[in-house]
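Every read-out reported here was derived from the displayed coordinates using simple, explicitly stated rules and does not represent laboratory data. Keep in mind that what you see is a predicted model, and the values were worked out from it rather than measured. Note that each Cβ is placed from the backbone with ideal geometry, even for glycine, and that neighbours are counted across all protein chains shown.
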Amino acid sequence: MGKEDKKRKLEEAAEPDRKSKKERKEKKEKSEKKEKKDKKDKKEKKDKSEKKDKKEKKEKKEKKEKKDKKEKKDKEEKKEKSPEVMSSAPAPSNDSSAYSQKKALSDVSESEVKEFLDTNEVAIEDPHSLNLRPLLSFDHVDFISEVQKVITKFPKPTPIQAASWPFLLSGKDVIGVAETGSGKTFAFGVPAVNSILKEKKKGLKVLCLSPTRELALQIHDSLVDLTKNAGISCVAIYGGVSKQDQIDKLQNASIAVATPGRLVDLLEDGSVDLSSIDYLVLDEADRMLDKGFEQHIKQIIGQCPAKQNRQTLMFTATWPKEVRELASVFMTSPVKVTIGERDELSANKRITQIVEVMEPRDKERRLVQLIRKYQSGPSKNDKILIFALYKKEASRVEYSLQRAGFNVAAIHGDLSQQQRTQALNAFKNGESNLLLATDVAARGLDIPNVKVVINLTFPLTAEDYVHRIGRTGRAGQTGTAHTLFTEHEKHLSGALINILRGANQPVPEELLKFGGHTKKKAHSVYGAFFKDVDMTKTAKKIKFDD
């Protein structure tokens, strides 16, 4: 057999093997392709199913919310139309017979009442013409014994309490315009707790909204002191801590003190029901609006009973247009109690205001001089509150003061809630007599016996200046406020001059040199309202630290 024949035979013998390998390879590829396709189909089917489930859940949730909203609306309309339902409700908001003036108060002469109103600068605007006298003594009112025991530890009602309690006990809506530290927490807390105890009400009955978690905790602690022997549970609702713990406490709570942001979160989760609220309190209403909580407030109030079926209380340090509009929408013929001249921005006249104009680089040196001055001699234990503008400044100055040997506590945006609470407690109980803060502490916090406030950097607005210095001179005490003013704040010099003059305080010559207002450039068409801007330049992005 020739070589060629041999070779051909071998190739013919190998041919089936090659074919078999090729077929196996094609079969394997086909199988893998099918497996890949099946996997893809399975995934698409799963995704489609999940998408469908998600859509169904969403539709179900929306349907439930719509149904709940309709039921709530129908319920409210039914209440509004049915006088029988309204008449059977305990202490309705328009029932002035719920309060009767005691003989001891009736026996007080008109001249004594007038002297009280004049001395404390109390103005009452009463659209109902009830002519209710202020409670000049705790003997002039009968609260439930558990409440009476707590309040009689104090010498007498504060002006805001004395003037507002008769109207609140009569079931009226009340607006209190008064400085921070005037006793506003007990002004609403005492009648609210008295009502819960008197009517033996169950469920969440009182909601107080507060602009900051620090203030919410402070109000909560004050109400706990008021209710601890009365078997009434209070809960504080604020961000930065576990939701679940707050949700659990809500189950048995009669009173909730909340920041708007966290409360809206719980509402959207379906974790809180506000349909049984009898008392709605907006504390530091002007501050809540300043912080941009208007939409949250509206959302929360929308979940409470209609305004004619609840009592609404509003406390504010100032009375701007935005606060007036909020009151007109959510309150029913409110009685307005004003302590002092609060319609225009004004400072507490018991505070000595000292303004020093200086170069920015000299501020920290002057701060150290002031601290040393107050921490020597008989005033060495006085509490001093120092305000910085932003958290970076606060953090830097805190470090500088500590290096200089001062025991300083601080609260600002770079610190956790626990650190802030520890710092506040250290300042309150005297472990540290210096507290350095940004404007997070400027409003509402109840820090008794602050003798001195130092504005290291002037705030962004004149309103914040008034709120800052209002941390001293509280509850009838006197105080001192130092402000280190620089040319960087000269656009606010006019407003500051007005505040100083309004409180009969000296105005330094250096401050007057900045002028009372900023001169505006006039335009031939738009007049003095025109801002001369070079539109060819790209705008710069401004980033704030705090």
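Structure above, values below:
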item: Under-5 Å amide H pairs with Val281, H placed in peptide plane, nonlocal only; result: Leu207, Cys208, Leu209, Leu313
item: Charge-dipole axis of the range 90-339 as Lys and Arg at +1 and Asp and Glu at -1 on Cβ define it, positive-most pick from Phe116, Gln218, Ile232; result: Ile232
item: HN-Hα J in Hz across the range 306-322 - Karplus 6.51, -1.76, 1.60, θ = phi - 60°, x for Gly and Pro; result: 4, 4, 6, 10, 9, 9, 10, 10, 10, 10, 8, 8, 10, 10, x, 4, 4
item: Protection proxy ranking, peptides 200-213, 317-330, 277-290, average beta carbon neighbours within 10 Å, highest first; result: 277-290, 200-213, 317-330
item: ³J(HN,Hα), Karplus 6.51/-1.76/1.60, whole Hz, each residue of the range 457-472, x for Gly, Pro; result: 10, 5, x, 6, 9, 5, 4, 5, 4, 4, 5, 4, 5, x, 6, 10
item: √(5λ) per eigenvalue of the Cα gyration tensor, the range 159-201, largest first, Å; result: 20, 11, 7
item: Sorted peptide list for 407-414, 291-298, 383-390, criterion being average Cβ within 10 angstrom, highest first; result: 383-390, 407-414, 291-298
item: The range 359-367 - phi-based ³J(HN,Hα) in whole Hz, Karplus 6.51/-1.76/1.60, Gly and Pro as x; result: 6, x, 5, 8, 5, 5, 4, 5, 4
item: Alpha-carbon centroids, the range 265-329 and the range 386-404: separation in whole Å; result: 35
item: Across Lys103/Lys321; Lys156/Lys205; Lys184/Lys249, pairs whose alpha-carbon gap is larger than 29 Å; result: Lys103/Lys321
